[in-house]
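The values are calculated or read from the model by the stated rules, or taken from the named source; none is laboratory data. Because the structure is predicted, anything quoted here is derived from the model rather than measured. Glycine also receives a Cβ, built like all others from the backbone with ideal geometry; neighbour counts cover every protein chain displayed.
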Amino acid sequence: MSEARRVIAITGAGGTLGGALSRQFAGEPETDVVLSDVSAPSLEATVNGLPKSRGAVETLRADVGEVAEVEAVVGLAVERFGRLDVLISNAGVPSPNGRIHNLTTEDWERAFRVNVLGAVNGIRAAVPVMRTQRSGSIVLTASVAGLTAWSHAAPYCATKAAVIQLAKVAAVEYARDGIRINCVCPGTFRSGIHEGLPPEAIDAIAAKHPLGLGTAADLVGAYTYLASDASRWTTGSAIVVDGGYAAP
Ligand SMILES: NC(=O)c1ccc[n+]([C@@H]2O[C@H](COP(=O)([O-])OP(=O)(O)OC[C@H]3O[C@@H](n4cnc5c(N)ncnc54)[C@H](O)[C@@H]3O)[C@@H](O)[C@H]2O)c1
């Protein structure tokens, strides 16, 4: 990584976790950030909430399902700051509540397009730049849903399991290029993903977390670790941060 300054790009920066990560990294004076999201208003809300004291911030509306748009995010980092040290591929969508025989092809395609192809596109876009630098860290947001079975959420679980495996394969493929690739598996924290869920459903999910429901702030430490040199010997890992959800 650059000794003086570092450059971090974040997708899904307009969301709950993406917003918390944006505030963290933008607030580090030695870090410059490129923030992106498919939703321009959400991205703007994140930017409005950034700390006053911060490094440089660039924003770009981008759909992670389109490789050219993710390449534009990485391209902006290189054009503006000359490098990309860390890509946090964080954009993700839930799947509709339903058993497998009741879900549509569109439900499956949407989950795979954003959750899996979005992560693939992040790797495709970042790797050429990081290979030239011979350094870089790519962090994918997976979920404990990729490790445990959630009834009525098969597309979400299957796509997050795919993200965990993608991080492992990519880690092996690019280790010799100096690029580390890991994922974070959050348990449930309150976010835009839960809009529309009845309170009793949230309570039922909370009851399965020994430490209770998390917040986006509870996840930030795993990302700061993976974005730093402290994780220089960590690659291909799925770091579980879930309040004990997956422990039983
Ligand atoms: N909230 C949880 O309990 C939880 C648990 C485990 C994992 N996650 C994962 O954390 C990540 C962040 O989710 P969150 O909980 O902050 O939800 P959120 O809905 O608040 O944020 C997701 C963001 O992704 C953006 N997005 C959606 N489709 C996109 C696309 N095609 N291109 C670019 N951006 C797109 C949305 O506009 C939104 O701003 C997701 O990958 C999610 O699956 C969430």
Applying the selection to the stretch 163-190, what residues are over 11 Å from Thr141 (Cβ atoms) and part of a strand (DSSP E or B)? Ile179, Arg180, Ile181, Phe189
Please verify whether Arg5 is surrounded by fewer than 24 Cβ atoms within 10 Å (Cβ to Cβ), at pLDDT 95 or above and away from the ligand (no atom under 16 Å from the Cβ), treating the condition exactly as stated. no
Hey, among Ala216, Ala238, Ala161, which residue is over 28 Å from Arg5 (Cα atoms), at pLDDT 95 or above, within 16 Å of the ligand (Cβ to nearest atom) and not aromatic (Phe, Trp, Tyr)? Ala161
Six or more apart or on different chains, Cβ under 6 Å: which pairs go from a residue in the stretch 182-201 that's under 24 Å from Val86 (Cα atoms) to one that's of a type in the set (S, T, N, Q) and assigned to a strand (DSSP E or B)? Could you list them? Val184/Thr141
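From the set of residues in the stretch 26-36 that are of a type outside the set (Ser, Thr, Tyr) and in contact with an Asp or Glu (Cβ under 9 Å, 6 or more places away or on another chain), which is farthest from the ligand (Cβ to nearest atom)?
Asp32
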So which residues in the stretch 38-56 are surrounded by fewer than 18 Cβ atoms within 10 Å (Cβ to Cβ) and closer than 25 Å to Met130 by Cβ, if there are any at all? Arg54, Ala56
How many residues are surrounded by fewer than 22 Cβ atoms within 10 Å (Cβ to Cβ) and part of a strand (DSSP E or B) if we restrict to the stretch 125-153? 1
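Yes/no per residue for (1) within 16 Å of the ligand (Cβ to nearest atom); (2) closer than 24 Å to Gln24 by Cα; (3) at pLDDT below 95:
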position	(1), (2), (3)
Ala56	no, yes, no
Glu71	yes, yes, no
Leu84	no, yes, no
Ser89	yes, yes, no
Gly92	yes, yes, no
Asn102	no, no, no
Thr105	no, no, no
